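The values are calculated or read from the model by the stated rules, or taken from the named source; none is laboratory data. Please read these numbers as outputs of a predicted model, since none were measured by experiment. Methodologically, a virtual Cβ is constructed for each residue, glycine included, from the backbone with ideal geometry; neighbour enumeration extends over all protein chains shown. Note: areas computed on protein heavy atoms with side chains; ligands, DNA, RNA excluded. Shrake-Rupley method; radii C 1.70, N 1.55, O 1.52, S 1.80 Å.
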Amino acid sequence: MSHKPTDNAPSPRGTLSLQTIAMPKDANANGDIFGGWLVSQMDLAAGVSARKQARGRVATVAIDAMVFLQPVKIGDIIGCYTEIHSIGRSSMRILVEVWETNDLDGHQSKLTEGIFTFVAIDDEGRTRPVPRD
Ligand SMILES: CC(C)(COP(=O)(O)OP(=O)(O)OC[C@H]1O[C@@H](n2cnc3c(N)ncnc32)[C@H](O)[C@@H]1OP(=O)(O)O)[C@@H](O)C(=O)NCCC(=O)NCCS
């Protein structure tokens, strides 16, 4: 299912699962942060949420199409908010929103969002059921 991001939400949806600062090593020659860096942070945040729900090992199986709404600059503080969208037998669809917080006035603006699908796996890498509570 495709997911269309919008930039008119007033505040983040979900739980703050990861917060970090964009560093110079994550930027291109223009000082803009690589999209892949942001996706990596989102994958980590969704993984935090998926592991909690699955109570154990998980793996990313799919990432829905994403749109980047605003550039990220070196030094920006970004927060990844997660919310479990749906749970299947072994899979979990997790909405991840990324918001930047302005140091001076605390204003938050949405940078991107995406749906990450994780699968609960056992020690051998085989799928296992996700607990629903
Ligand atoms: C995750 C993995 C164990 C699933 O194995 P599989 O044989 O595809 O298992 P299944 O077909 O039974 O699918 C398992 C679940 O994933 C879901 N799934 C599989 N492929 C999917 C896809 N492309 N998009 C969304 N969901 C998907 C299935 O719908 C199923 O959900 P359900 O159990 O809730 O009904 C296997 O694909 C794998 O190891 N992939 C690599 C994961 C990985 O290494 N990720 C990090 C990459 S660096």
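Pairs needed: first member in the stretch 57-72, closer than 16 Å to G35 by Cβ; second member anywhere, open to solvent by less than 50 Å² (accessible area, probe 1.4 Å) and part of a loop (DSSP other than H, G, I, E, B); C-beta distance under 7 Å; at least 6 residues apart or different chains.
Qualifying pairs under 7 Å: D64/H3; V67/P5; L69/P5; V72/A22.
Report, by residue number, each residue of the stretch 47-65 that is closer than 19 Å to D26 by Cβ and crowded, with 18+ Cβ neighbours inside 10 Å. Break it down stepwise before answering.
Just the residues of the stretch 47-65 that are closer than 19 Å to D26 by Cβ, to begin with: 47, 63.
Residue satisfying the conditions is G47 alone.
Just checking, does the stretch 43-54 include any residue being part of a strand (DSSP E or B) and modelled with pLDDT of 95 or more? Explain how you work it out, then say what you get.
Of the residues in the stretch 43-54, the ones part of a strand (DSSP E or B) are none.
The answer is no; no qualifying residue exists.
Do we have D105 as out of contact with any Gly (no Cβ under 9 Å at 6 or more places or on another chain), more than 28 Å from A29 (Cα to Cα) and at pLDDT below 95 here?
On the way: out of contact with any Gly (no Cβ under 9 Å at 6 or more places or on another chain): yes; more than 28 Å from A29 (Cα to Cα): yes; at pLDDT below 95: yes.
Yes; evaluated as a whole, the condition is true for this residue.
Give the residue that is farthest from K73 (Cα to Cα), with candidates limited to residues of the stretch 33-43 that are surrounded by 15 or more Cβ atoms within 10 Å (Cβ to Cβ) and either out of contact with any Ser or Thr (no Cβ under 8 Å at 6 or more places or on another chain) or not charged (D, E, K, R) (or both).
Filtering the stretch 33-43 for residues surrounded by 15 or more Cβ atoms within 10 Å (Cβ to Cβ) gives 33, 37-39, 41-43.
Now narrow it down to the ones that are either out of contact with any Ser or Thr (no Cβ under 8 Å at 6 or more places or on another chain) or not charged (D, E, K, R) (or both): 33, 37-39, 41-42.
Working: I33: 6, W37: 12, L38: 11, V39: 15, Q41: 15, M42: 17 Å.
Here the answer is M42.
Could you please find all residues in the stretch 66-92 being part of a strand (DSSP E or B) and either open to solvent by 70 Å² or more (accessible area, probe 1.4 Å) or hydroxyl-bearing (S, T, Y) (or both)?
Looking only at the stretch 66-92, we keep the residues that are part of a strand (DSSP E or B), and these are 67-68, 73, 77-87, 91-92.
Within the stretch 66-92, V67, F68, K73, Y81, T82, H85, S86, S91 meet the criteria.
Pick from the stretch 93-133 the residues that are aliphatic (A, V, I, L, M), part of a strand (DSSP E or B) and near the ligand (Cβ under 8 Å from one of its atoms): which of them is surrounded by the fewest Cβ atoms within 10 Å (Cβ to Cβ)? Give the steps one after another, and end with the answer.
Within the stretch 93-133, the subset aliphatic (A, V, I, L, M) is 94-96, 98, 104, 111, 115, 119-121, 130.
Now narrow it down to the ones that are part of a strand (DSSP E or B): 94-96, 98, 111, 115, 119-121.
Imposing the further condition that a residue be near the ligand (Cβ under 8 Å from one of its atoms) reduces the set to 119, 121.
Working: V119: 22, I121: 17.
Here the answer is I121.
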